[in-house]
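Read the structure below first, then the notes.
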Amino acid sequence: MKTVSLKIDDSIFGETEKILSKIQKPRNRYINDAIDYYNRMQRRAILEKKLREESDLVNIDSMTVLKDFEEFDYVD
């Protein structure tokens, strides 16, 4: 495990202490769980952004292909 020193806003620290007293969880475990949760949310946001960008690229190509097909003269 790594040791990290950080500064927490007084209001956040106070709220955290209130919650910790009610849930009986060590502060260190609570902060680790919070960071883990936040990391998962950020990974999802990064993946969502990447998928949207790739979807937009595919959409542009799909529309071009569709236009090309519409221009064909189909003979029976």
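As for region 16-24, it holds no residue that is modelled with pLDDT of 95 or more, within 23 Å of the chain's Cα centre (by Cα), of a type in the set (S, T, N, Q) and assigned to a helix (DSSP H, G or I). Restricting attention to region 25-56 and to residues that are of a type in the set (Ser, Thr, Tyr) and over 16 Å from the mean Cα position of the chain (by Cα), the residue that is modelled with the highest pLDDT turns out to be 30.
Being assigned to a helix (DSSP H, G or I), of a type in the set (Phe, Trp, Tyr) and in contact with a helix residue (DSSP H, G or I) (Cβ under 9 Å, 6 or more places away or on another chain) narrows it down to one of 38, 30, so name that one. Spell out how you get there, then give the answer.
Working: 38 fails: in contact with a helix residue (DSSP H, G or I) (Cβ under 9 Å, 6 or more places away or on another chain).
Every option except 30 fails the conditions.
The values are calculated or read from the model by the stated rules, or taken from the named source; none is laboratory data. Just so we're clear, the structure is a prediction, and the values are computed from it rather than from any experiment. No Cβ is skipped: glycine too gets one built from the backbone with ideal geometry, and neighbour counts run over all protein chains shown.
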